[in-house]
Amino acid sequence: MMMILLPLVSCALALSNGAGGWPFRTEFPPQNFSSPAVGDVDGDGGLDLVFGSWDGHLYCVDAAGNMNWKVFLSDGPTAPQLNSSPTLADVDGNPATLEIFMGSGVGFTWGRLYVIGSDGAELARFDTSSLVQSSPMVVDTDLDFPDGIGILVRR
């Protein structure tokens with residue numbers, strides 16, 4: 001089955017899957033700049049879509065448009081800017097599920113790279129001095145997973 005994904009600036013993600021597609025709407029403010037990542041995040045055999053929104057949440061939605069989970073990527077009440085697109089990778093040794101790497105932050109005030117588990121739980125975070133805008137690149141540097149994982153981001 002072919003799917004066409006469109007992140008819409010109007011706080012929606014449109015999916016065309018041959019059955020008419022669907023919009024999935026995020027919360028206010030109405031801006032999405034994060035492209036979705038697609039993979040079987042939860043290991044159920046179906047594709048999941050993971051994307052960030054300027055409402056500060058990272059969303060995981062199944063192919064039918066049902067929300068699996070959302071997580072707010074900030075310690076405070078201010079919604080971070082999620083310009084980064086998520087990266088999916090298996091780094092916990094369970095090949096049935098995927099972990100999510102996502103950049104976050106607010107301008108030059110603060111930035112952070114999050115590692116989120118397949119269930120939406122925060123596994124790790126790495127602070128930076130400004131917003132992480134790029135999509136993280138995850139590499140097994142010594143081909144000896146899980147040792148030697150490198151994560152590269154551009155702020």
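Scanning the stretch 34-91 for residues that are among the β-branched types (Val, Ile, Thr) and outside any loop (DSSP other than H, G, I, E, B) gives VAL38, VAL50, VAL61, VAL71, THR87.
When the stretch 65-110 is filtered for residues that are without any contact (Cβ under 8 Å) to a residue 40 or more places away in the chain and among the aliphatic types (A, V, I, L, M), only VAL106 remains.
Scanning the stretch 92-130 for residues that are open to solvent by 10 Å² or more (accessible area, probe 1.4 Å) and not in a strand (DSSP E or B) yields a total of 16. Given the criteria in contact with a strand residue (DSSP E or B) (Cβ under 9 Å, 6 or more places away or on another chain), of a type in the set (A, V, I, L, M) and crowded, with 18+ Cβ neighbours inside 10 Å, does ALA89 qualify? In short, yes. Residues of the stretch 62-85 include at least one that is open to solvent by less than 60 Å² (accessible area, probe 1.4 Å), closer than 21 Å to SER135 by Cα and at pLDDT below 80. Any residue that is touching a Ser or Thr at 6+ places or on another chain (Cβ under 6 Å), without any contact (Cβ under 8 Å) to a residue 60 or more places away in the chain and either closer than 19 Å to VAL138 by Cα or hydrophobic (A, V, I, L, M, F, W, C) (or both) - is there at least one of those in the stretch 115-126? Checking the stretch 115-126: not a single residue is touching a Ser or Thr at 6+ places or on another chain (Cβ under 6 Å), without any contact (Cβ under 8 Å) to a residue 60 or more places away in the chain and either closer than 19 Å to VAL138 by Cα or hydrophobic (A, V, I, L, M, F, W, C) (or both).
The values are calculated or read from the model by the stated rules, or taken from the named source; none is laboratory data. The structure presented is a predicted model; accordingly, all values stated were derived computationally and were not measured. Cβ: placed from backbone, ideal geometry, glycine included. Neighbour counts: every protein chain shown. Ligands, DNA and RNA are stripped out before the accessible areas are found, and what is left, the full protein with its side chains, is counted by its heavy atoms. Shrake-Rupley method; radii C 1.70, N 1.55, O 1.52, S 1.80 Å.
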